[in-house]
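Below: the structure, in structure tokens.
The values are calculated or read from the model by the stated rules, or taken from the named source; none is laboratory data. Values in this document were obtained by computation on a predicted structure and should not be read as measured data. Virtual Cβ from ideal backbone geometry, glycine too; neighbours counted across all protein chains shown. The protein model used for the area step is the full one, side chains on, heavy atoms only, and it has no ligands, DNA or RNA in it. Shrake-Rupley method; radii C 1.70, N 1.55, O 1.52, S 1.80 Å.
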Amino acid sequence: ASLWLFGASGEEGAVCLKILLTNDDGYETVFTNTLFEYLRDKTCHQVVMAAPKGGQSGKSAAIDLFSPVEVGNPSPGVYFADTTPYTATLYGLDVVLPSLGMDSPDLVISGPNEGWNIGIGSLNSGTVAAAASAMQRGLPAIAVSGSLYDTGSKNVKEAALVIAELTVKLVETKLVDEDGGLILAGGQGLNINIPSITNDDTGFVGAVDNYTFKLTKIGSAPISVGRKFFEDMGESPLVQALAGSVLNGL
């Protein structure tokens, strides 16, 4: 049977967490896989991934209650369920972890998403909902989102690594107190958005030390491509924005 994957020993005195990783973009996406591999190989944290089989953006807290769901374990520590992000997270908590003989995780991380989740758009986010599903179970969770621009960059792999490093730095330096405990109580969470890492014009890939963390309110973040039903998809500002690679979110 597979077990939690133990990473490197880490620095002396490091706090080592049990982490369940999920997302709404599917278990094969570069952002989430890079974070999984970084946690597994470069830290002392223990990590298991349980994510949707494919893209489930914008599914919010939709849940599969009465339909059979395909599940799989394509590689050690990686599990998928062909379902919504909310349900995939429950699969990880209720099936995967108990099958490994493990207790509840110390922290659930949803993401990193391929696109920011800010303002009222967060209500539609499968990434945020996956974190919320863990919070509703009394667990601390964070939703992490990177920039959609970075996913289309020629330096996407480098950007994914910086996003992974920033996520781990946030957890280890901001979410763990001086006594080694999480500052997030059970049922509490944060929505984390990381700015664009790459610039294809200059070839710049931001370094981890170039970024600081700031606690903000979600705000309204007015959306010019607000939710509306279109009979002709070509008239949808949302579709037009996606075609122009300018939309971030969900």
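The table for this structure:
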quantity: Residues whose placed amide H lies under 5 Å from that of S147, excluding near-sequence neighbours; calculated: G115, I197
quantity: Portion, in percent, of the accessible area of the chain that falls on carbon or sulfur, probe 1.4 Å; calculated: 53
quantity: Net charge, Q46 excluded, C-beta distance under 10 Å - Lys, Arg +1, Asp, Glu -1; calculated: +1
quantity: Förster-model FRET efficiency, 22 Å R0, L123 and K169, C-beta, rounded to 0.05; calculated: 0.20
quantity: The chain, accessible area per residue, ligands and nucleic acids excluded (1.4 Å, Å²); calculated: 49
quantity: Diffusion coefficient, µm² s⁻¹, Stokes-Einstein with Kirkwood Rh over alpha-carbon pairs of region 7-131 at 20 °C and 1.002 mPa s; calculated: 147
quantity: For F204, net neighbour charge (Lys/Arg +1, Asp/Glu -1) across residues whose Cβ lies under 13 Å away; calculated: -3
quantity: Candidates V47, V95, V168, ranked by Gaussian network fluctuation over the chain, Cα under 10 Å, top entry; calculated: V95
quantity: Over the chain: helical MRE at 222 nm, DSSP H runs n ≥ 4 each giving -39500 (n - 2.57), nearest 500; calculated: -7000 deg cm²/dmol
quantity: Pairwise Cα inverse-distance average, inverted: Kirkwood Rh of region 61-132 (Å); calculated: 13.3
quantity: Among N23, N210, N193, residue whose mean-square fluctuation peaks in a GNM of the chain (springs only between Cα atoms under 10 Å); calculated: N210
quantity: Cα gyration tensor of region 72-215 - equivalent ellipsoid semi-axes, whole Å, descending; calculated: 26, 19, 15
quantity: Dmax and Rg, reported as Rg then Dmax, of the chain (C-alpha, Å); calculated: 17.6, 60
